[in-house]
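Engineer: To start, I am sharing the structure in question, which I have written as structure tokens.
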């Protein structure tokens, strides 16, 4: 992924179009905004009207070519953060049909309420994985690309073909692909669509092969920064990639083994052997102790490789969460108590890093980066991949697997505090969007405070030095869509584990945002909904990544609609982790 090349997201909005005072606003007014596709019958249903002509709104149903009013409601205040708007809640409407929201003279697009409303969007999202394949003789969008990948530095040619182009480039990061493949695996495990005909199992089997090739005999993994970036072999290195690549390989291979246990016993055994080999490496003395530094630097836009994984080290919150996920994934497959015990120990250490709130305030769901220092785990520089939802989902896995453990009440209290804050956050803006980035205000400074694409000031927490430190939250940092969707998945788990149905509508609203109910009236999914952003093209290789159905952009920002910013729309890059998270969440919301 490439970070912004010019102005960072903290820049005040007025500066974004300073060069062109006549540039039209990308924020939509005079419209009724709603999920471009629609809703399952039992899902929460909301619309947002930026400038409503009146407080009353109605829902009309189209049947036999005739419109009939079937619902009326009052718009609610949308809160004071992000772009303004009023919110209409029509969740009680559950009958199948074609509908439209009306308010005064305004009318929304039509949308559908139907149990199978997400069937085609899910098929489109799933189809992206085949188009993103690398090293396949025919399925990838570029045809037979990277068949001879790669070159192991110091050793010569080696077969590292396979995998996927993670983003709108030719790279296939071992620390990034998993974040999309987890969604593919969860979808494949639960979905049995009529169109499948073996395609899902074929994609799941393909997803494991490349990552297996990266595992060394000692259980470590080969690394690559994918230089040179072209259509031929790239360099790979004997040294390990960042720690999450290894933890997530354990988790992914274990999930594949569980899926194929009864379908393909031979492949399942191969996956389990890989998972156990990497586990022994990561829990033994061979695991690298130093912070990750890339073995080479790509020529453009990846300086954050030097800082993006500083939060992963033994005992850190992010590393403990990766270990919990990995241990529980192997345990579900093998039922060996040693993995369950390891997960419980790691989860307890992880919960101890939760930042305690003041008794008189509800503070954001923060974790200290590690056992010492004032750094927060949610401020991984330059990345929107590994942060709060990654940590919180690890704790939900622990509570689900060990509900009667002695520390379960502690895990539960952490999850409750986090979920309650997200619930509160969803009412602070009309869109129900959740903040995805947190930092101390004295670290952020005043630039961009209280701007839609900057930080909003929040309450103070007690730092480890003893002094109170005010915390800010940001909704739309670079790469935020993956965090947004993962936080929605966390809220679904929290609702189930804590018995609180209030979290479920918030999860739906994150999907609504990605599917068009946002200030830009833009769907982030190619081939689903309307008004997709300009496609990111960076000039690193030719031909550039084309428009691909099922691709999901990394975020929707003001810069997403202006080709003069961030090169050619760097904030619009396609990204496999976001696709996987959208597939996973949409499949669950479709229930």
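Engineer: Name the residues in the stretch 53-83 that are under 27 Å from residue 492 (Cα atoms), part of a loop (DSSP other than H, G, I, E, B) and free of Cβ contacts under 8 Å to residues at least 40 places away in the same chain, would you?
Structural biologist: Across the stretch 53-83, the qualifying residue is only 75.
Engineer: Looking only at the stretch 427-446, how many residues end up being assigned to a loop (DSSP other than H, G, I, E, B), under 19 Å from the mean Cα position of the chain (by Cα) and either at negative phi or surrounded by fewer than 24 Cβ atoms within 10 Å (Cβ to Cβ) (or both)?
Structural biologist: The qualifying residues number 5.
Engineer: Can you find a residue that is surrounded by 16 or more Cβ atoms within 10 Å (Cβ to Cβ), within 31 Å of the chain's Cα centre (by Cα) and not in a strand (DSSP E or B) anywhere in the stretch 45-52?
Structural biologist: So in the stretch 45-52, the residues surrounded by 16 or more Cβ atoms within 10 Å (Cβ to Cβ) come out as 45-50, 52.
Restricting the remaining residues to those that are within 31 Å of the chain's Cα centre (by Cα) gives 45-50.
Filter again for not in a strand (DSSP E or B), leaving 45, 50.
Looking for residues that are surrounded by 16 or more Cβ atoms within 10 Å (Cβ to Cβ), within 31 Å of the chain's Cα centre (by Cα) and not in a strand (DSSP E or B), one finds at least one in the stretch 45-52, hence yes.
Engineer: Among the numbered conditions (1) more than 23 Å from the chain's Cα centre (by Cα); (2) within 24 Å of residue 369 (Cβ to Cβ); (3) without any contact (Cβ under 8 Å) to a residue 40 or more places away in the chain, tell me where residue 273 comes up short.
Structural biologist: Condition not satisfied by residue 273: (2).
Engineer: Can you name the residue in the stretch 533-555 that is at pLDDT 95 or above and touching a strand residue (DSSP E or B) at 6+ places or on another chain (Cβ under 6 Å) and, of all such residues, is nearest to residue 452 (Cα to Cα)?
Structural biologist: Here the residue is 552.
Engineer: Please state which one of 317, 347 is surrounded by 24 or more Cβ atoms within 10 Å (Cβ to Cβ), touching a strand residue (DSSP E or B) at 6+ places or on another chain (Cβ under 8 Å) and modelled with pLDDT of 95 or more.
Structural biologist: 317
Engineer: Could you check the stretch 99-122 and list, in sequence order, the residues that are in a helix (DSSP H, G or I) and surrounded by fewer than 17 Cβ atoms within 10 Å (Cβ to Cβ)?
Structural biologist: Residues of the stretch 99-122 in a helix (DSSP H, G or I): 119-122.
119, 120 - these are the residues of the stretch 99-122 that are in a helix (DSSP H, G or I) and surrounded by fewer than 17 Cβ atoms within 10 Å (Cβ to Cβ).
Engineer: Check whether at least one residue in the stretch 398-411 is within 19 Å of residue 458 (Cβ to Cβ) and part of a helix (DSSP H, G or I), and report yes or no.
Structural biologist: The answer is no, given that none of the residues of the stretch 398-411 is within 19 Å of residue 458 (Cβ to Cβ) and part of a helix (DSSP H, G or I).
Engineer: Could you tell me whether the stretch 417-426 includes any residue that is surrounded by 23 or more Cβ atoms within 10 Å (Cβ to Cβ), in a strand (DSSP E or B) and either touching a strand residue (DSSP E or B) at 6+ places or on another chain (Cβ under 9 Å) or modelled with pLDDT of 90 or more (or both)?
Structural biologist: Step one: list which residues in the stretch 417-426 are surrounded by 23 or more Cβ atoms within 10 Å (Cβ to Cβ), which gives 418-419, 422, 425.
Filter once more, keeping what is in a strand (DSSP E or B): none.
No, there is no match, as no residue in the stretch 417-426 is surrounded by 23 or more Cβ atoms within 10 Å (Cβ to Cβ), in a strand (DSSP E or B) and either touching a strand residue (DSSP E or B) at 6+ places or on another chain (Cβ under 9 Å) or modelled with pLDDT of 90 or more (or both).
Engineer: Take the stretch 84-98 and flag every residue that is assigned to a strand (DSSP E or B), within 24 Å of residue 591 (Cα to Cα) and within 27 Å of the chain's Cα centre (by Cα).
Structural biologist: Just the residues of the stretch 84-98 that are assigned to a strand (DSSP E or B), to begin with: 86-89, 97-98.
When the remaining residues are screened for being within 24 Å of residue 591 (Cα to Cα), the result is 88-89, 97-98.
Across the stretch 84-98, the qualifying residues are 88, 89.
Engineer: Can I ask one more? Given (1) under 26 Å from residue 389 (Cβ atoms); (2) surrounded by fewer than 24 Cβ atoms within 10 Å (Cβ to Cβ), identify the lone condition not met by residue 264.
Structural biologist: The single condition residue 264 does not satisfy is (1).
The values are calculated or read from the model by the stated rules, or taken from the named source; none is laboratory data. Source: prediction; values computed, not measured. With ideal geometry, Cβ positions are generated from the backbone for all residues, glycine too; neighbour counts draw on all protein chains shown.
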